[in-house]
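The values are calculated or read from the model by the stated rules, or taken from the named source; none is laboratory data. Please read these numbers as outputs of a predicted model, since none were measured by experiment. Note: ideal-geometry Cβ built from the backbone for every residue, glycine included; neighbour counts use all protein chains shown. Calculation scope for accessible area: heavy atoms of the full protein, side chains included, ligands and nucleic acids excluded. Shrake-Rupley method; radii C 1.70, N 1.55, O 1.52, S 1.80 Å.
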Amino acid sequence: MSTKTRYVVNARASSKLPEALRSNDGIRQALKASEEYFPLQLVFDEQQLELLKNSSKTLASYLVPGSVVDVSLQFADLCEVSSELFKELKEIRKKIKTIVSDHEDELESDHVGALQYVKEFRSEMGPALQCSIPLRRFANRVDAVLLAQIQYSAENVEIELHITEEQV
């Protein structure tokens, strides 16, 4: 039986904190808030991780080819990752908007039929949306961690985004 690799994304107390501080009340509240802002469990496959790496130079710099993925990203790097991902998403949305604008007449007259006979919907828009979804999910998870850290910063809370590789 072959094994598949998956990449799990979670928020946790910063690995830079002493062990005694990693489970204090402020950390628990910040982690809970982060989960409430983005309640989905994120699990990516190898292809989706590659998409994330190609969309974020900062994230890619932490992922060493050929090594097991066990990455922790703190506040400054998360800000960079967020910015890089939203720039990429903006470009994807522009591409989708252009396709829709170029075929507005077909969509207005027969939107279901247009989806079948206008090749750009399948050949360009479909793949663009397929890339957009994991990027948005990851970017939203990053932003949830950033927001929680900002909101609980008065309590000297440090949380991070942690990505681990698992064999299933």
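Structure above, values below:
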{"read-out": "Any hit, region 144-155, residues being exposed (fewer than 15 other Cβ atoms within 10 Å of the Cβ), touching a residue at least 24 places away in the same chain (Cβ under 8 Å) and not in a helix (DSSP H, G or I)", "value": "no"}
{"read-out": "Pairs where the first residue, in region 92-105, is under 14 Å from A128 (Cβ atoms) and at pLDDT 90 or above and the second is assigned to a helix (DSSP H, G or I) and of a type in the set (S, T, Y), C-beta under 7 Å, 6+ apart", "value": "I92/S132"}
{"read-out": "Evaluation of A20 against (1) open to solvent by 70 Å² or more (accessible area, probe 1.4 Å); (2) in contact with a helix residue (DSSP H, G or I) (Cβ under 9 Å, 6 or more places away or on another chain); (3) part of a helix (DSSP H, G or I); (4) at pLDDT below 95 (one fails), failing number", "value": "(2)"}
{"read-out": "Scan of region 74-128 for residues that are within 30 Å of A60 (Cβ to Cβ), aliphatic (A, V, I, L, M) and open to solvent by less than 50 Å² (accessible area, probe 1.4 Å), ordered by number", "value": "L78, V81, L85, L89, I92, I96, I99, M125, A128"}
{"read-out": "Residues that are of a type in the set (A, V, I, L, M, F, W, C), within 18 Å of F44 (Cα to Cα) and free of Cβ contacts under 8 Å to residues at least 60 places away in the same chain, drawn from region 64-91", "value": "V64, L85, L89"}
{"read-out": "Residue match in region 110-131 (condition: touching a residue at least 60 places away in the same chain (Cβ under 8 Å) and over 28 Å from V157 (Cα atoms))", "value": "yes"}
{"read-out": "Whichever residue in region 25-56 is assigned to a loop (DSSP other than H, G, I, E, B) and free of Cβ contacts under 8 Å to residues at least 60 places away in the same chain and, among such residues, is nearest to A139 (Cα to Cα)", "value": "S56"}
{"read-out": "Given (1) modelled with pLDDT under 95; (2) surrounded by 15 or more Cβ atoms within 10 Å (Cβ to Cβ), index of the condition R141 fails", "value": "(1)"}
{"read-out": "E108 vs. criteria modelled with pLDDT under 95 and either closer than 27 Å to V43 by Cβ or among the acidic types (D, E) (or both)", "value": "yes"}
{"read-out": "Members of region 1-20 that are without any contact (Cβ under 8 Å) to a residue 40 or more places away in the chain and under 15 Å from E158 (Cβ atoms)", "value": "P18, E19, A20"}
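Here's the yes/no breakdown for (1) crowded, with 17+ Cβ neighbours inside 10 Å; (2) under 16 Å from the mean Cα position of the chain (by Cα):
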| site | (1), (2) |
| --- | --- |
| G26 | yes, no |
| Q29 | no, no |
| F38 | yes, yes |
| F44 | yes, yes |
| Q47 | no, yes |
| L52 | yes, yes |
| S56 | yes, yes |
| V64 | no, no |
| S72 | no, yes |
